[in-house]
């Protein structure tokens, strides 16, 4: 919330009567609520008011990309700022004289760096965007890093599923790594990723980051499409993505791997369960292998919230469903080399989730690598662990995806 000029009202975001978080203004005297972005069907994510109060700036999460707008606070007219690099914008701040707008911009080629937009006198007019800082990147030429392309592919129910595709700067067909975000209410966005660029450069692989149903950023309906008994509909979206890959001449559908963490780890295991004949390798990072044991063993403060998403395992019908779709009870269907990465002290997805899928794979004489960092939790934070993890993943892909 931000108070307007002369404190006559305030700006806010609301999803009242909408699928999306919209920018609005409420007048103190009349209590009238004016929806400013009623024609923008994306979530407003950042807002800042200039020192004079005559102009404002806001961003929307447009298909995962931050779109910047300038707003005239007198008449609520706004103008999109063009030619901003594809990425994520944060930290919007006007200069004291209202002549410049500073921001932090994170893209596939730049870690979070400071950029400044020079403004004109008219509240919605601007001149040019300039970069002010250059973050340390270890001497790498990030201009050679791959910029993603936003695509959509059709799923089983005709729904269009968005994804970002990072392709090597050379001719294909390229092996493919599908990187599935966690959450499940997370969202794949085009931010600076050392892993993505490492895989593109070292392995010559195209990397695809899909936003399957259940992802945030696409409205209230979309985020709920995978809840409860609809859990495997999001897995079907991965099947549709495999179909799309097979239709692309510069992608090699015979060499595809999946990788993901947390809920994305479940998606990896489920993809291996359903599409082993179309995959070469799978990397499960702190993933859920059985929904019932996960709900029983996750920390108390998370359990009720997760039951809303996955279903209540105490209800017999739901318990049977969760057991039926859990990878640990379907290991006989997994016929692809698996790499399981875990932190011993994980409070969210307990280490038992990793241990039971690894044991089931080994008991069935199926190929599985297992890495467990004894001093980590939900994901690797310590540099020494992250370094060896990155190298191990590359080695796993070299042996199982490229060959």
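Is one or more of the residues making up the stretch 225-233 farther than 22 Å from residue 397 by Cα and part of a strand (DSSP E or B)? Write out each step before concluding.
Of the residues in the stretch 225-233, the ones farther than 22 Å from residue 397 by Cα are 225-233.
Next, only the ones that are part of a strand (DSSP E or B) stay: none.
Among the residues of the stretch 225-233, not one is farther than 22 Å from residue 397 by Cα and part of a strand (DSSP E or B), which makes the answer no.
Select from the stretch 64-78 the residues that are in contact with a strand residue (DSSP E or B) (Cβ under 6 Å, 6 or more places away or on another chain) and at pLDDT 95 or above and list them in ascending order.
Of all residues in the stretch 64-78, those in contact with a strand residue (DSSP E or B) (Cβ under 6 Å, 6 or more places away or on another chain) come to 66-71, 73, 78.
Matches in the stretch 64-78: 66, 67, 68, 69, 70, 71, 78.
For the stretch 350-403, how many residues meet the condition of being in contact with a strand residue (DSSP E or B) (Cβ under 7 Å, 6 or more places away or on another chain), farther than 30 Å from residue 301 by Cβ and assigned to a helix (DSSP H, G or I)?
9
State all residues of the stretch 74-106 that are surrounded by 18 or more Cβ atoms within 10 Å (Cβ to Cβ) and under 14 Å from residue 49 (Cα atoms); if no residue qualifies, say none.
78, 92, 94, 101, 103
Is it the case that some residue within the stretch 209-222 is at pLDDT 95 or above, touching a strand residue (DSSP E or B) at 6+ places or on another chain (Cβ under 9 Å) and within 12 Å of residue 166 (Cα to Cα)?
Yes, that holds for at least one residue.
Please enumerate the residues belonging to the stretch 257-291 that are under 25 Å from residue 380 (Cα atoms) and part of a helix (DSSP H, G or I).
Correct list: 263, 264, 265, 266, 267, 268, 269, 270, 271, 272, 291.
Being surrounded by 15 or more Cβ atoms within 10 Å (Cβ to Cβ) and in contact (Cβ under 8 Å) with a residue 40 or more places away in the chain is the filter; apply it to the stretch 298-319 and report the residue that is farthest from the chain's Cα centre (by Cα).
Taking the stretch 298-319 first, the residues surrounded by 15 or more Cβ atoms within 10 Å (Cβ to Cβ) are 298, 303, 306-307, 309-313, 318-319.
In the following step, the residues that additionally are in contact (Cβ under 8 Å) with a residue 40 or more places away in the chain were identified as 298, 309-311, 318.
Working: 298: 23, 309: 17, 310: 19, 311: 23, 318: 28 Å.
Top of the filtered list is 318.
For the stretch 362-377, give me each residue that is over 26 Å from residue 387 (Cα atoms) and touching a helix residue (DSSP H, G or I) at 6+ places or on another chain (Cβ under 9 Å).
Listed by number, the residues that qualify are 363, 364, 366.
Among the residues of the stretch 225-236, is any at pLDDT 95 or above and touching a strand residue (DSSP E or B) at 6+ places or on another chain (Cβ under 7 Å)?
no
So is residue 152 over 22 Å from residue 207 (Cβ atoms) and outside any loop (DSSP other than H, G, I, E, B) or not?
Values: over 22 Å from residue 207 (Cβ atoms): no; outside any loop (DSSP other than H, G, I, E, B): yes.
Considered against the rule, which asks whether it is over 22 Å from residue 207 (Cβ atoms) and outside any loop (DSSP other than H, G, I, E, B), residue 152 comes out as no.
For the stretch 357-376, check the following and say yes or no: at least one residue is surrounded by 16 or more Cβ atoms within 10 Å (Cβ to Cβ), within 21 Å of the chain's Cα centre (by Cα) and either in the same structural domain as residue 256 (by TED's automatic domain parsing) or at pLDDT 95 or above (or both).
no
Quick check on my filter: what residues within the stretch 331-342 are surrounded by 19 or more Cβ atoms within 10 Å (Cβ to Cβ) and farther than 22 Å from residue 177 by Cβ? I'd like the intermediate steps shown before the answer.
We begin by selecting, within the stretch 331-342, every residue surrounded by 19 or more Cβ atoms within 10 Å (Cβ to Cβ); these are 331, 334, 336-342.
Result: 331, single match.
Here's a check for you: in the stretch 126-149, which residue that is outside any loop (DSSP other than H, G, I, E, B) and loosely packed, with under 12 Cβ neighbours inside 10 Å is modelled with the highest pLDDT? Before the answer, list the steps.
Taking the stretch 126-149 first, the residues outside any loop (DSSP other than H, G, I, E, B) are 126-131, 142-144, 149.
The next check asks that each one be loosely packed, with under 12 Cβ neighbours inside 10 Å; those that pass are 127-128, 130, 143-144.
Values: 127: 91, 128: 91, 130: 94, 143: 85, 144: 87.
Within the stretch 126-149, the match that is modelled with the highest pLDDT is 130.
Which members of the stretch 25-53 meet the condition of being more than 18 Å from residue 219 (Cα to Cα), part of a loop (DSSP other than H, G, I, E, B) and touching a residue at least 40 places away in the same chain (Cβ under 8 Å)?
First, pick out the residues of the stretch 25-53 that are more than 18 Å from residue 219 (Cα to Cα): 25-34, 47-53.
If we keep only those that are part of a loop (DSSP other than H, G, I, E, B) too, we end up with 28-32, 50-53.
Residues satisfying the conditions are 50, 51, 52, 53.
Looking at the stretch 195-218 only, could you name the residues that are surrounded by fewer than 17 Cβ atoms within 10 Å (Cβ to Cβ) and farther than 17 Å from residue 260 by Cβ?
201, 202, 204
Output yes when any residue across the stretch 260-275 is surrounded by 24 or more Cβ atoms within 10 Å (Cβ to Cβ), in contact with a helix residue (DSSP H, G or I) (Cβ under 6 Å, 6 or more places away or on another chain) and more than 18 Å from residue 322 (Cβ to Cβ), and no when none is.
Checking the stretch 260-275: at least one residue is surrounded by 24 or more Cβ atoms within 10 Å (Cβ to Cβ), in contact with a helix residue (DSSP H, G or I) (Cβ under 6 Å, 6 or more places away or on another chain) and more than 18 Å from residue 322 (Cβ to Cβ).
What number of residues in the stretch 320-344 are over 24 Å from the mean Cα position of the chain (by Cα) and outside any helix (DSSP H, G or I)?
So the first thing to find is which residues in the stretch 320-344 are over 24 Å from the mean Cα position of the chain (by Cα), and the list is 320-324, 328-337, 344.
Filter again for outside any helix (DSSP H, G or I), leaving 330, 334-337, 344.
Selection size over the stretch 320-344: 6.
The values are calculated or read from the model by the stated rules, or taken from the named source; none is laboratory data. Because the structure is predicted, anything quoted here is derived from the model rather than measured. Don't worry about glycine lacking a Cβ; one is built from the backbone with ideal geometry, like all the others, and counts go over all protein chains shown.
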